[in-house]
1. Counting only Cα, what are the radius of gyration and maximum Cα-Cα distance Dmax of the stretch 238-299, in Å?
2. Applying 1/(1 + (r/R0)^6) with R0 = 30 Å to the Cβ-Cβ distance of R301 and L172, what FRET efficiency is obtained, to the nearest 0.05?
3. Mean separation of Cα pairs under 8 Å and 6+ residues apart, divided by the residue count of the chain: what relative contact order is that in percent?
4. Nearest 20 debye, what's the magnitude of the dipole of the stretch 238-299 about its Cα centre given +1 on Lys and Arg Cβ and -1 on Asp and Glu Cβ?
5. I need to check one value: relative contact order of the stretch 228-301, counting alpha carbon pairs closer than 8 Å and at least 6 residues apart, in percent.
6. Would you mind computing Rg(Cα) / (2.2 N^0.38 Å) for the stretch 1-98, counting N as its residues?
7. Full-extension gain between K28 and W137, please, as 0.36 nm times their residue separation minus the C-alpha to C-alpha distance.
8. Nearest 5 percent is fine: what portion of the DSSP beta bridges confined to the chain is antiparallel?
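Every number here is computed from the coordinates shown, using simple stated rules; none is lab data. Note that the structure is predicted; figures quoted are calculated from it, not measured. Backbone-built Cβ (ideal geometry, glycine too); neighbour counts: all protein chains shown.
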Amino acid sequence: MKKRIVFGAPMVGISDKPFRLIVRHFTKAPLYTEMVSARFYRHGMKSALKTMDIKGEKNIIVQLVGSDIPSLVYTAQAAENAGAVGVDINMGCPIRKPVSDGSGAALMKDIDLAARIAEAVAEAVSLPVSVKTRLGWKLPDEIRLLSPRLASAGISRLVVHARTKMQGFTGLPNWRALNGLSCPGVDLIVNGNIDDEASLNEALLLSGAKGAMIGRALWGEPWLLKTLETGQKSEIPVAETVMEHFERMLLFYGKKGLYASRKHLAHYAKHFIGRQNFCEQMFRAETSDRVRQLIKEFFTRPERGSE
């Protein structure tokens, strides 16, 4: 089977450095950072600097969010200097904070500004520049107004989450709405609810996209990209993977890593019998040694299935 084109999505609170390093064990596919606030990065805010930490990583695309062109240009150039292989501009995040300051999905309502941003960033770096967006603000055909402007601005890839901003993450994605969307020189990538081989094949068929971006399905299954790339399942060292992820969270976040890791551990446990009991104990644990003990006891058991 021909290797399929898949990407690991930018996910706030999930696709941080520890998570990417775990996913990287299973695939060489491009991985995106969490979205980096260009304005915060330009002003030296620690949270943005930490989010943009890609030191020692390969094949990483930095995603930027913002509407201030000088800040986006500055941060895109910093990403290039840091070793990123691409820069992505977020024009699809539906949450209140970016939308309220005119960035994220709000840029779908200001096509002129969206095009100026894409053009300025593309001219400022020698890296490929992509845009991640949605079908539209309210209507699924709004992407057909935005996409040619972005193509003319010089982007090389367009990633479309097949829902509108108003849908958020509810309802079914409309992969078919992308069919026939043609932008010369721009690779179309489909995103939204792709979580197994069947949904990947259907999304690619209905959308006509060149590849797919995998998001929330990776949470708790960082090996999924490899499975979808190759169409083959392989034996996964789950206990070792979970333990390494936990240790990397502690190393990257310090004491906060104990609590930040809880959401990941809960997702790793989703296919295991006894998940509820494990999560109850894990969420009560106040020391890293106690969590290590729970991981060893729970993830090395042979039973696996639905509760």
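1. Looking at the stretch 238-299, its Cα Rg and Dmax stand at 10.4, 30 Å.
2. Details: r = 35 Å, r/R0 = 1.18.
Step by step, r from the Cβ atoms, then E = 0.25.
3. Numbers: 582 pairs, mean separation 45.3, N = 307.
Worked out over the chain, it gives 15 percent.
4. Numbers: 11 positive and 7 negative charges, 47 e Å.
Dipole size: approximately 220 debye.
5. Details: 39 pairs, mean separation 24.3, N = 74.
Rounded, it is 33 percent for the stretch 228-301.
6. Working: Rg = 13.4 Å, N = 98, 2.2 N^0.38 = 12.6 Å.
It is 1.06.
7. Working: separation 109, 0.36 × 109 = 39.24 nm, distance 3.33 nm.
Taking K28 through W137 to full extension adds about 35.9 nm, to one decimal.
8. On the way: 0 of 31 bridges.
Close to 0 percent.
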